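The structure under discussion appears below in the form of structure tokens.
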Amino acid sequence: RAAAAPPSLATAADAEAYAAAGPLALACGLAGDGADARVDVAAVGERICADLGFDAGALTEQQARRVYHYYVPVYAWVERLRAAKRAAGDDAPLVVGLSAPQGCGKTTITEELIGLFATDGRAATCVSVDDFYLTYEEQTALAAAEGNPLLEYRGNAGSHDLKLGASTLRALKGINEAGGGEVRVPRYDKTAFSGRGTRAPEDDWPSVAAPLDVVLFEGWMLGFAPVGAEAARAVSPDLEAVDARLEAYAEELESVVDAWLVVKIGDPNVRGRGGRARARLRVGVGCLCVGEGSRPLDGSLCERVRVCADDSDEPVRTRCAPTTLLPFFIKRPTPCGRPSQWVFKWRQQAEEAARAAGKPTLTDDEVRDFVMRYQPAYEAYLPGLYADGPRGAVAAGKTVLMVEVEEDRSVKEA
């Protein structure tokens, strides 16, 4: 898409008009008959620009869209829901579920929202589903018991302590009751055990005190609905065990959510359900890798089954240790859907930033391994999330705001 000319935002009226012309304006109360004057669009936009290091007086078209067509409307939407909750006599904090793939900007938008609320005298906090991961010892035990590559490391459904998550979220939901209180929120140290990670010591958990106005509950897999054993196996035989564990997430974690913000990327028909041709099945003997031609698989040099994370059709080649020879069905990978490519590129960008800051980083091969771990879930669950919203949300009358972003993380224009 050709870059548009930077908008003229010389006055507060210009900023309001530009925000009102964005794709989220109507849903977020910045345009139409239901427009809400509660949010000072120009002032909020200037604060966001200052946080992001943008020159508010000379924004590029991409920066302007990011600020006034994305962050400002989302802030207005959350504030409108918070105010309505208070007006209805409900003193509990508003819990907003944020479902978005890795790397698409969850951290940035949650930090911006928390800062904006603080400036307005409101208290907001963020809780990540990542902070409820199993301890290193528990995850190691799970990996040994399951023998499933999708459960070998943290990430997929089944690798979280749901009881800890449920107790934390319910405590935050009730924090304003009986004169208020304080809640310790778990944190997960992803750098521990050479990057395998473990839960941080409880003494390192931050405390959240009442009164609390907004809880932002974010995660890459929030709102995913189980597809059933057969559909899960069609994506990957290993996904069946993950799918079976998803149902508990709705009851334990997602039931406390009042409203949903879903960040959509790329084409929702990623692989599998209509968006990608089915992989060809072939019987082989050897390790669980794709062999070449009809030659038996001996594990000496093979192409491990993984989703390609670049623009090539070719699977990533890796050397595997010889294994016991067993018959099995294998699928030859075909080109990736866009989300896997975007997540891979975003993860690369994060690693480059960390490397520039002198922090430990992953190699490109390690980033591919990281992305591959999540791809079966994206393939199975994103189409349903984008088509129907988070499971049960619409039936329960919960508000759902769907935001589609481009590869540069700016909101997609109508």
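For this structure, a couple of remarks:
- Cα-based Rg / Dmax (Å) for segment 165-236: 17.1, 52
- Accessible surface, 1.4 Å probe, highest first, among residues Val39, Val400: Val400, Val39
- Mean accessible surface per residue for segment 148-231, computed with a 1.4 Å probe while every protein chain stays in place, in Å²: 43 Å²
- Simple spin-label estimate for Ala396 and Ala178 in nanometres, 7 Å along Cα-Cβ: 2.4 nm
- Global geometry of segment 1-83, whether rounded, prolate or oblate, following the gyration tensor of its Cα atoms and the 1.5 cut on a/c: prolate
- Cα gyration tensor category, rounded, prolate or oblate, for segment 112-200 with a/c compared to 1.5: prolate
- Over segment 44-188, the Kirkwood radius and the radius of gyration, each from Cα atoms, give a ratio Rg/Rh of 1.05.
- Förster radius 56 Å - calculated FRET efficiency between Thr11 and Ala144 (Cβ-Cβ, nearest 0.05): 0.30
- Averaging over all projection directions, the Cα-based convex hull of segment 141-273 occupies 10.0 nm² in the image plane.
- You can think of it this way: the chain between Lys190 and Ala50 has 47.4 nm of extra reach, that is 0.36 nm per residue less the Cα-Cα gap.
- Between segment 337-414 and segment 219-251, the alpha-carbon center distance in angstrom: 17 Å
- Distance between the 7 Å Cα→Cβ label points at Ala88 and Ala354: 4.0 nm.
- For a straight C-alpha distance cut-off of 14 angstrom, the aspartates and glutamates reachable from Lys173 (same-chain residues fewer than eight places away being disregarded) are Asp90, Asp91, Glu182, Asp213, Glu252, Glu254, Asp258.
The values are calculated or read from the model by the stated rules, or taken from the named source; none is laboratory data. Since this is a predicted model, take the numbers as computed values, not measurements. Backbone-built Cβ (ideal geometry, glycine too); neighbour counts: all protein chains shown. The protein model used for the area step is the full one, side chains on, heavy atoms only, and it has no ligands, DNA or RNA in it. Shrake-Rupley method; radii C 1.70, N 1.55, O 1.52, S 1.80 Å.
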